[in-house]
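Structure first, then comments.
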Amino acid sequence: METRKNRKERTGVVVSNKMEKSVVVEVLRKVRHPKYGKFVKKTSRFMAHDEKNDCNIGDTVRIMETRPLSKNKCWRLVEILERAK
């Protein structure tokens, strides 16, 4: 039996849920500046598949890499960690 490779997982905040079964998740990371040593915030935006249309803007979610589902969508929602207040 074949073993699947480990898939990337990211934790981020939902910034858009206007699409059907899709959400945009913004992932924040801190990167050290190569010359000055200061930590700089970098954000990445991923389009993720939300099968149940469950997410709302502001929710903290965990997403996992998957096969391409559309032109821009190759991540899927694993779980909602925290609901927006």
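All of the numbers you see were taken from the coordinates with simple rules; none came from a lab. Every value quoted in this text rests on a predicted model; they were computed, and no experiment measured them. Note: ideal-geometry Cβ built from the backbone for every residue, glycine included; neighbour counts use all protein chains shown.
I'd like to know if segment 15-26 contains one or more residues that are touching a residue at least 24 places away in the same chain (Cβ under 8 Å), more than 17 Å from Leu69 (Cβ to Cβ) and either exposed (fewer than 10 other Cβ atoms within 10 Å of the Cβ) or not aromatic (Phe, Trp, Tyr) (or both).
yes
Conditions first: (1) in a loop (DSSP other than H, G, I, E, B); (2) free of Cβ contacts under 8 Å to residues at least 24 places away in the same chain; (3) basic (Lys, Arg). Arg7 passes all but one, so which condition is the exception?
With respect to (1) in a loop (DSSP other than H, G, I, E, B); (2) free of Cβ contacts under 8 Å to residues at least 24 places away in the same chain; (3) basic (Lys, Arg), Arg7 is out only on (2).
Regarding Lys71, is this residue more than 12 Å from Val25 (Cβ to Cβ) and in contact with a Leu (Cβ under 7 Å, 6 or more places away or on another chain)? It would help to see each step written out before you state the result.
Values: more than 12 Å from Val25 (Cβ to Cβ): yes; in contact with a Leu (Cβ under 7 Å, 6 or more places away or on another chain): no.
It is false that Lys71 is more than 12 Å from Val25 (Cβ to Cβ) and in contact with a Leu (Cβ under 7 Å, 6 or more places away or on another chain).
Considering only residues that are of a type in the set (Ser, Thr, Tyr) and either over 25 Å from Lys5 (Cα atoms) or without any contact (Cβ under 8 Å) to a residue 40 or more places away in the chain (or both), look in segment 27-69 and name the one that is surrounded by the fewest Cβ atoms within 10 Å (Cβ to Cβ).
Tyr36
If you take the residues of segment 47-69 that are more than 18 Å from Ala84 (Cβ to Cβ) and among the hydrophobic types (A, V, I, L, M, F, W, C), which of them is farthest from the chain's Cα centre (by Cα)?
Narrowing segment 47-69 to residues more than 18 Å from Ala84 (Cβ to Cβ): 47, 49, 51, 64-69.
Cutting the leftovers down to among the hydrophobic types (A, V, I, L, M, F, W, C) gives us 47, 64, 69.
Values: Met47: 7, Met64: 7, Leu69: 15 Å.
Within segment 47-69, the match that is farthest from the chain's Cα centre (by Cα) is Leu69.
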